[in-house]
Amino acid sequence: MRTNVAAFGPDRFSSRELSRLEFGARLLDLAEDVHQPLLERCKFIAIFADMIDEFFQVRVVSLQDKVAAGVQTPSVDGVRPRQQLAAIRERVASLIERQDRLVLDVLLPALAQKGVAVVPFVDLDVSAQSSLTAYFDQHVYPVLTPLAVDSGHPFPMISNLSLNVAVTVRDEESGEERNARIKVPSSLPRFLDAGAGRLVLLEDLILHHLQRLFPGMVLGRGDLFRVTRNADLSLDEDEADDLLVALEIELRRRRFGEALRVEIQEGMSSEFLDLLTTQLEVDKSNVYVSDAPLGLHDFWSLYALDHPELKGEGWSPLTPKRLLAGEHVVDIFAAIREADLLVHHPYESFSDSVEVFIAQAALDPAVIAIKQTLYRTSGDSPIVASLIRAAEEGKQVVALVEIKARFDEAANISWAKALEDAGVHVVYGVMGLKTHCKVALVVRTEGNETRRYVHIASGNYNSKTARNYEDFGLLTDDAVITKDVGELFNYLTGFAKIGNYERIVVSPFGIREFLISEIERQRDLGSAGRILIKTNGLTDPSVIDALYDASMAGVEVRLLVRTLCCLRPGVEGLSENISVHSLVGQFLEHSRLFIFGHPGEDRDRVYMGSADVMERNLDRRVEVIVPVDDPALRADLLDAFEVTWRDDESTWVLGSDRRWRRRQPVTAFSAQDEFKRRALAKNRLL
């Protein structure tokens, strides 16, 4: 008789927050990997820095709010908010120390050996110093604004993630000391070209010329600091008369939200640090000291340098073979009528499939309507341009723009206004939910009938990320699926209640129940059952417990989880039949797959779509997953899972002790390289 899953208590779960930080540790593993090209290693530093910034802006603030409110209720792993914050502080400090040592002792010296040297201004020769001083006079000095801090000058507002100089000056006549702050302008390049392969940091140039900003004063210390603020939006949709205006106001407030973290460099005076923490109302426990440059997000600028010999082999996505007719893209609607089409990005081209789908629809006289969700899109989005063109052509065009997509709110507001100006019907989603599904519907008149075509995907309608994110998309004219999607848009744009869909599964209200039901079907098969899931995050306690229950019944469970995983595999009596892998490589693994059973069985199911197995996706977002019924496409998805599972070059394995360990290469098999090889072979280019 099996033990009840709940008998294992909260220890059966791992901390969501610490699991996120362990993804950061995997990024640092890659930055340390000597087999990676040098600028690729720098890229992983930039990704790590971005991740830590977002972690504080979104996750830490939630815990701090709970502590401030006196909340003592533990999370599902049994840890209280104050304990979580202490554990986060300890882990972040260790990761930042590891990052600093890697940057200062390994990466920067290695770059210098390759002719890309980040050097102090004082180490430059006279000619190079004169050139950068001229740059300072012409481009930097005019935009600098020293702000005094004294009884007559209140402490300045420090914007989120800005880099700043704190300086102490003394009036030689009166002997009075004063403090001032200077914002390092983000509008200028962080790394300045000093010639002969040398780069100088912008803040170093400013520090060297501080006297220009304080003539007649005696300069003291100049110290760098950076502030991270709350990025969560406090938006009451029920009270907002105009959601667009309310969000714009809230975005302006977010630049100066509650301070969460202060980063300083080693050696800052205790007096200014006291002033900083007092004015920002930040506890000293939230001060992080670094001796590497602050704001290593800007390592993206290093990665952008024109040094292809220091980067990995580039990849150009290929046009799916079925969409090629010689050198031209075929009629995409005819191709879909022939058979459903599955596209795998970035190995197959997003622009030659998804963008063509919308572009051809915009110009096709037979198309009468286009409906599409937009969660995140690129700055020069061809899809938005096509929607505008379609509206100008007189078609009915509906765009559901999710203006609450975190960190893309401002861009989406801009797109929403541009679309509305062109005559597109723009809606902002469902009250209280984010619309995260990636769905497009084209309605076309063909003879005496009206036919619908649909694209459902795991990835955003963003041509830039589609070159770097691994995703699947399904193009189909299946009558039932397209009818379901039509009903979904009625729900999203009108007052219709969420429907009883025949084929697609929609959250909220549907995906969790569906997943648990399918897991239980496999559980009832015992050792004959099988569950394969690929997701970005696995945190939902109910689904995790269902997976534990299936494992205890003998079901094989294999999970590909890129970032957060609150499930503990390999625990005796609980999860011995569960294995968890995480692939972190050149492309960001972003697709979501749900495979139940073995091929050919009565109960085997293959689904793909936008939903992660996290509470936010299952309860607070509109998500869609879709069955893939075409035998060849089902086989492709299953094969994609198996290829990814085989990877032993860029894969980490989660242990029962909650630690991720890099898989030791046996065959040195790279899943992402294999997908490239297959794409080339499919197009007969190999």
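What follows draws every value from the coordinates through simple rules; no lab data is involved. Everything numeric here is computed off the predicted structure, so don't read it as measured data. Here Cβ is always computed from backbone atoms with ideal geometry, including for glycine, and neighbour counts include all displayed protein chains.
Some observations on this one:
- Length gained on full extension, Tyr491 to Glu420, computed as 0.36 nm times the residue gap minus the Cα-Cα distance: 23.5 nm.
- Shape class for the stretch 80-194, computed from the alpha carbon gyration tensor (a ≥ b ≥ c): oblate, with a/c not under 1.5 and a/b at or below b/c.
- Among the GluC sites (Glu not before Pro) within the stretch 530-635, those in coil by DSSP and having at most 12 neighbouring Cβ atoms inside 10 Å are Glu572.
- In angstrom, the C-alpha Rg and Dmax of the stretch 629-686 are 14.4, 46.
- Between the residues Ser463, Ser591, Val354, the greatest Cα displacement towards the positive end of the dipole of the chain, with unit charges on the Cβ of Lys, Arg, Asp and Glu, is found for Ser591.
- Global geometry of the stretch 10-157, whether rounded, prolate or oblate, following the gyration tensor of its Cα atoms and the 1.5 cut on a/c: oblate
- Comparing Cα centroids, the stretch 500-557 and the stretch 374-398 end up 37 angstrom apart.
- Pairs with C-alpha atoms separated by more than 26 Å, drawn from the list Lys43/Lys464; Lys438/Lys676; Lys43/Lys676; Lys371/Lys676, are Lys371/Lys676.
- Residues of the stretch 335-350 with amide N under 20 Å of a point placed 7 Å along Cα→Cβ from Lys464: 345-347, 349-350
- Using the Cβ of Arg41 as centre and a radius below 11 Å, the other residues enclosed give a net charge of -2, where K and R count +1 and D and E count -1.
- Dipole magnitude for the chain: about 840 debye, using +1 per Lys or Arg Cβ and -1 per Asp or Glu Cβ, origin at the Cα centre.
- As a rough footprinting exposure proxy, the listed residues His581, His425 were ranked by other beta carbons within 10 Å of their own, and the order from fewest upward is His425, His581.
- On the basis of the beta-carbon distance and an R0 of 30 Å, Glu54 and Asp137 show a calculated FRET efficiency of 0.25.
- The fraction of all Cα pairs in the chain landing in successive 20 Å bins from 0 to the largest distance is 16, 47, 31, 5, 0, given as whole percents.
- Taking other Cβ atoms within 10 Å as a rough exposure proxy, Leu341, Leu147 sort from fewest to most as Leu147, Leu341.
- Label-point separation, Glu642 to Asp193 (7 Å along Cα→Cβ), nm: 5.1 nm
- With a simple spin-label model that places each label point 7 Å from the Cα along the Cα-to-Cβ direction, the separation between Ser130 and Thr73 comes to 7.0 nm.
- Computed over the stretch 505-682, the convex hull of the alpha-carbon atoms projects to a mean area of 10.2 nm².
- Under the convention that each Lys and Arg Cβ holds +1 and each Asp and Glu Cβ holds -1, the size of the dipole of the stretch 321-493 around its Cα centre is about 380 debye.
- Relative contact order of the chain, pairs being alpha-carbon contacts under 8 Å that are 6 or more residues apart, as %: 11 percent
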